[in-house]
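Encoded as structure tokens, the structure appears first; notes follow it.
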Amino acid sequence: MKWPTLSMKSNKNDFSYGIDSTIAQILALTTNYLFSMKVGIDMMTPTIIIGAITDKESNTSYNPLPHISEEQTSWIGSLIYLFPPVGSVVVSFVQDRFGHRVCMMVTNVTHLLSVATLMLSDGPSGLYASSALMGFNVGFVTSFSLSYCGEVCEPKLRGTLTAVLNLFYFAGYLCVTMLYAVTADWRLSVLFTAILSVVNAAILFKTPDSPMWLMSRGRTDEAKSTFNKLRGGVGEDKFAVEYRDMVHYTSQINLPTDGEKKKMSSIKDSLYRFIEPETLKPLQLLMIMIFFTNLLSGIPYIPYLISVFDKFQVSFHPAWATTMYMAFNVAGNVLTICSINKLGKRFLALCTMATCSVCYLSIGIVGNVLPSSPVTSWIKIVLFFMSTFFSSMGIMPIVWILMCEIFPMKSKNVGAGLSSATYFILSFLMTKFYLDLEMFTGFYNTFVLFGSIGLIGLVYLHFQLPETENKTLNEISEHFKCKNTKADVQAGLA
């Protein structure tokens with residue numbers, strides 16, 4: 001059986017812009033990296049709050065919490081996954097009209113508002129509100145950050161520079177958990193992180209809009225000037241090939257004739273466009289891949305990590321075990337950045353999914369079969385950290401990288417928004433009902449269940465996941481097309 005590959009005219013795109021281009025792209029992405037770090041902090045905040053509720057060593061004199069039931073705890077841990085789809089839907093319309101820079105400005109304000117809400121909360125309702133607002137911010141930021149990275153990076157660097165988003169995301173995890181481990185005060189830990197929004201506001205003045213967005217708004221001269229700056233000022237003769245490819249890719253969103261423009265405005269036509277193979281096929285691939293990735297990257301366990309480490313019977317404080325968990329996430333993502341261009345996304349995704357599945361199955365078998373002892377405790381914690389390391393090295397960041405690559409320009413924002421919404425809806429369901437699942441199956445049987453499902457996902461990806469590394473966005477979009485035209489689809493639905 002042949003592995004799915006991209007059937008292109010050329011197998012390699014190497015525009016050789018040099019170090020100045022790389023630096024220019026990194027500088028343009030700096031605000032997105034800091035936003036991603038804040039997203040990691042927001043996603044981890046419910047974990048330290050839940051930890052403070054159950055951790056007797058937390059500094060309760062500075063963060064008084066009322067008695068909170070297990071049901072309320074599950075809502076605190078899961079609401080942050082419920083509201084990102086709202087943010088994703090809102091930003092999919094806002095960024096089309098106003099661009100990425102305006103979205104970034106709005107995000108700075110809402111981030112500071114979410115921190116203020118958390119500081120003022122003194123009961124379950126306040127914690128619900130702050131968790132929901134942080135969830136909205138997560139969805140809002142995730143969608144425009146992914147599309148911005150996909151649009152400003154050259155093909156050779158797109159996978160690597162987008163993977164850096166995940167590095168900063170996990171760095172946010174590590175930052176807030178380490179602050180909590182040191183201070184034992186969740187309010188103070190979160191307050192320290194507000195400095196990121198202030199720093200980002202200052203850097204934003206030097207951040208350009210995406211050249212693709214500028215071109216889609218008819219600002220072609222500004223788009224070409226911005227594109228030249230992002231390629232290190234090499235001149236039009238050097239970037240002409242990639243620029244023409246970008247123009248062709250962007251032109252999909254602008255149809256030339258008045259009759260076609262009228263059709264574009266109809267809801268029926270929008271539906272036809274969205275169910276075209278180049279949009280529907282990657283959306284289906286991502287939604288299925290997200291389901292398997294969430295199970296194997298520890299999403300159901302994250303809000304309850306301190307409790308998980310208690311059940312593993314770790315010999316040190318669970319708060320420090322949580323910090324170590326995040327450190328392994330960071331380490332895995334660093335390796336992604338170093339290896340993705342050489343190994344490719346497909347190879348990394350398949351290898352890491354297989355490894356995570358085996359680790360989960362092994363944890364379940366050890367926990368169910370072997371008697372509890374310091375040795376078996378260390379075996380389980382090592383396997384858990386291994387699954388964390390490999391998921392952050394492959395399947396988790398690759399899902400997010402694919403979101404900014406595999407959709408055509410005409411449905412890019414909506415496709416990425418729906419994909420990220422799927423991620424967060426599934427994450428909400430998995431975290432909200434995890435405690436019920438654990439009660440029904442038993443703690444270690446959840447690992448057996450997730451590991452077994454992961455093996456099914458491995459078979460699916462083996463036959464369905466193409467290699468997109470070092471391909472232009474236009475080439476990737478062409479791969480998902482088939483012979484069916486829009487007229488064929490309309491005729492079939494008539």
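The values are calculated or read from the model by the stated rules, or taken from the named source; none is laboratory data. This is a predicted model, so every value here is computed, not measured. Note that each Cβ is placed from the backbone with ideal geometry, even for glycine, and that neighbours are counted across all protein chains shown. Note: accessible area is taken over every heavy atom of the protein model, side chains too, but ligands, DNA and RNA are not part of it. Shrake-Rupley method; radii C 1.70, N 1.55, O 1.52, S 1.80 Å.
Strictly over 26 Å apart at the Cα level, which of Lys229/Lys481; Lys224/Lys471; Lys281/Lys345; Lys281/Lys471 would you flag in this model? Over 26 Å Cα-Cα: Lys229/Lys481. Each residue of region 112-123 was assigned a 3J(HN,Hα) from its phi angle through the Karplus expression (A = 6.51, B = -1.76, C = 1.60, θ = phi - 60°), giving 5, 5, 5, 5, 4, 4, 5, 5, 8, 6, 9, x Hz with x at Gly and Pro. A simple rule links phi to the HN-Hα coupling: the Karplus curve 6.51 cos²θ - 1.76 cosθ + 1.60 with θ = phi - 60°, which for region 462-478 gives 4, 9, 10, 8, x, 8, 10, 5, 6, 10, 6, 4, 5, 5, 5, 4, 5 Hz, with x for Gly and Pro.
In plain terms, the chain from Phe205 to Arg244 could stretch by 11.2 nm, reckoned as 0.36 nm per residue minus the Cα-Cα distance.
Extension gain, Arg97 to Lys342, is 84.5 nm, computed as 0.36 nm per intervening residue step minus the present C-alpha separation.
Label separation (Ser372 vs Lys481): 6.1 nm, computed from points 7 Å beyond Cα along the C-beta direction.
Under the rule a/c < 1.5 gives rounded, and otherwise a/b versus b/c splits prolate from oblate, where does region 370-433 land using the Cα gyration tensor? It comes out oblate by the Cα gyration axes. Between the helical axis of 236-250 and the longest alpha-carbon principal axis of the chain there is an angle of about 80 degrees. Rolling a 1.4 Å probe across all protein chains gives Val89 an accessible area of roughly 80 Å².
Could you tell me which label, among (i) 57, 26, 23; (ii) 44, 27, 22; (iii) 38, 26, 21, carries the value of semi-axes √(5λ) of the Cα gyration tensor in Å calculated for this structure? Given (i) 57, 26, 23; (ii) 44, 27, 22; (iii) 38, 26, 21, the structure-derived one carries the label (iii). Label positions at Leu188 and Leu455, each projected 7 Å from the Cα along the C-beta direction, are separated by 4.9 nm.
Here the 3J(HN,Hα) profile of region 322-327, calculated from phi with Karplus coefficients 6.51, -1.76 and 1.60 at θ = phi - 60°, is 5, 5, 5, 4, 5, 5 Hz, Gly and Pro shown as x.
Taking each DSSP H run with n ≥ 4 as -39500 (n - 2.57) and averaging over every residue of the chain yields -25500 deg cm²/dmol at 222 nm. Taking every protein chain into account, the accessible area of region 119-163 amounts to 21 square angstrom per residue (probe 1.4 Å). Accessible area per residue was computed with a 1.4 Å probe on protein heavy atoms; Leu120 scores about 150 Å². A Förster radius of 45 Å combined with the Cβ-Cβ distance from Met439 to His317 puts the calculated FRET efficiency at roughly 0.95. The heavy atoms of Leu280 present about 80 square angstrom of accessible area, all protein chains included, probe 1.4 Å. Protein heavy-atom accessible surface, 1.4 Å probe, per residue over region 384-480: 29 Å². Of the accessible area of region 330-443, with the probe set at 1.4 angstrom, what percent is carbon plus sulfur? The nonpolar share, carbon plus sulfur, comes to 80 percent. Can you figure out the FRET efficiency of Val86 with Cys351, using R₀ = 41 Å and their beta-carbon distance, to the nearest 0.05? After rounding to 0.05, the efficiency reads 0.70.
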